[in-house]
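Rule-based calculations on the coordinates, nothing more; no lab input. Being a predicted model, the structure only gives us computed values, none of them experimental. Note: ideal-geometry Cβ built from the backbone for every residue, glycine included; neighbour counts use all protein chains shown.
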Amino acid sequence: MPEINLLNTHPHTKRNYEKRAEEKTPEIVRLAKQFGKDFFDGDRKCGYGGYKYDGRWKAVVERMKSYYHLPEDAAILDIGCGKGFMLHDFKEDMPNCTVSGIDISEYAIGQAMPSVKPFLKVGSADKLDFPDNSFDLVISINSIHNLPLDRCKKSLQEIERVSRGNSYITVDAWRNEEEHQNLLKWVLTAETYMHVEEWKKLFPEIGYTGDYWWFIAD
Ligand SMILES: C[S@@+](CC[C@H](N)C(=O)[O-])C[C@H]1O[C@@H](n2cnc3c(N)ncnc32)[C@H](O)[C@@H]1O
């Protein structure tokens, strides 16, 4: 099944949607969308409020490794890799794998974990600087929805192009009106978000055959 939650080991975050809606001024949104220090390591109003390694990706890596039957020397790409936390955990778990990461944020790449920093570069999801069929697994967690629809579609096609078959993305979505309203209150940076059924219609239309899951504001 392409619709699969491989992130269900993550701690559940309790979100205060009303507080976020009150605090979300145009200036906060402008700062967040720069994907700089304010977004990662500034005030919680602007984004993460401190984007720190806490080992939460270890369990996800284990899950992906077995779900995709990854060989020990797998080539893995993370799009929107931030500071490289997940790629660090891949490298710890599978020392012979090859990791690559791209992110639009010069700040995040500059602050990346030393273990993976040499393998990360600044770039955009919709224009991947890699040959066709380069990776055993392409991952993009909560990142491509930050692009407007046309460029989000292009990103999905780029993921398809550089993958040898396995890919996994998560994007902002809702299943009912309450989740829709929560998401509208919560989003700072996303440009493309829709009902899960709309995403599921879009994927085959633009030729994305990989797996997917959702960021849901429940
Ligand atoms: C919500 S964060 C997720 C980071 C990481 N994947 C994680 O789950 O911890 C979104 C990430 O997407 C990156 N991003 C935004 N626009 C992008 C683009 N056009 N291409 C690549 N990365 C982008 C941001 O800089 C940020 O690191």
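Name the most mobile residue of Pro11, Pro114, Pro148, meaning the one with the largest mean-square fluctuation, in a Gaussian network model of the chain with Cα contacts below 10 Å.
Top of the fluctuation ranking is Pro11.
Have a look at Val116, Ile4, Thr98 and report the one farthest towards the positive end of the charge dipole of the chain, computed about the Cα centre with Cβ charges (Lys/Arg +1, Asp/Glu -1).
Selected residue: Val116.
With each label point set 7 Å from Cα along the Cα-Cβ vector, what nm distance links Thr9 and Glu191?
3.4 nm
Just subtract the alpha-carbon distance of Glu27 and Asp150 from 0.36 nm times their residue separation and send over the number in nm, one decimal. Please list the in-between numbers first.
Numbers: separation 123, 0.36 × 123 = 44.28 nm, distance 2.53 nm.
Result: 41.7 nm gained on full extension.
Once both axes come from the Cα atoms, what is the angle between helix 196-206 and the longest principal axis of the chain, in degrees from 0 to 90, rounded to 10?
Tilt relative to the chain: about 50 degrees.
Can you tell me which lysines have their Cα less than 26 Å from the Cα of Lys153? Leave out same-chain residues fewer than eight positions away.
Reachable lysines: Lys33, Lys83, Lys121, Lys127, Lys185, Lys200, Lys201.
Relative to the first principal axis of the alpha-carbon coordinates of the chain, what is the inclination of helix 149-162, with its axis defined by its Cα atoms, in degrees from 0 to 90 and to the nearest 10?
20 degrees
On C-alpha positions alone, give me the angle between the axis of helix 57-67 and the longest principal axis of the chain, in degrees, nearest 10.
Helix 57-67 and the main axis of the chain meet at about 50 degrees.
Rg/Rh for the stretch 70-218 to two decimals, with Rh computed the Kirkwood way over all alpha-carbon pairs. Before the final figure, lay out each step's value.
Working: Rg = 15.3 Å, Rh = 15.7 Å.
Result: Rg/Rh = 0.98.
Using the Cα centre as the reference, give the magnitude of the dipole from point charges on the C-beta atoms of the stretch 17-210 (Lys, Arg: +1; Asp, Glu: -1; all else neutral), rounded to the nearest 20 debye.
On the way: 27 positive and 32 negative charges, 51 e Å.
In debye, rounded to 20, the stretch 17-210 gives about 240.
Among residues other than Lys24 whose Cβ falls under 9 Å from its Cβ, what is the net charge (Lys/Arg +1, Asp/Glu -1)? Walk me through the numbers before you get to the answer.
Values: positive: Arg20, Lys45, Lys185; negative: Glu22, Glu23.
Here the charged neighbours net out to +1.
For every helix of n ≥ 4 consecutive DSSP H residues, a contribution of -39,500 (n - 2.57) applies; sum these over the chain, divide by its total residues, and give [θ] at 222 nm rounded to the nearest 500 deg cm²/dmol. Walk me through the intermediate numbers first.
Values: 9 runs with 79 residues, N = 218.
Helix-only estimate at 222 nm: -10000 deg cm²/dmol.
So for Tyr53, Tyr212, fewest C-beta neighbours within 10 Å to most, what's the order? If you can, show how the numbers build up before the last one.
Values: Tyr53 12, Tyr212 21.
In order of increasing Cβ crowding within 10 Å: Tyr53, Tyr212.
How much length would be gained if the chain were fully extended between Glu198 and His180, taking 0.36 nm per residue of separation minus their Cα-Cα distance, in nm to one decimal? Write down the numbers at each step before the final one.
Values: separation 18, 0.36 × 18 = 6.48 nm, distance 1.30 nm.
Full extension of this stretch gives 5.2 nm more.
Ordered by packing density, taken as the mean number of other Cβ atoms within 10 Å over each peptide's residues, highest first, how do 98-111, 73-86 rank?
On the way: 98-111: 19.9, 73-86: 23.4.
Ranking the peptides 98-111, 73-86 by packing returns 73-86, 98-111.
Sort Leu184, Leu31 so the one with the fewest other Cβ atoms within 10 Å of its own Cβ comes first.
The fewest-first ordering by Cβ neighbours comes to Leu184, Leu31.
Which order results if His12, His180 are arranged by neighbouring Cβ count within 10 Å, fewest first? Spell out each step's value before the answer.
On the way: His12 7, His180 16.
Listing His12, His180 from fewest to most nearby Cβ atoms yields His12, His180.
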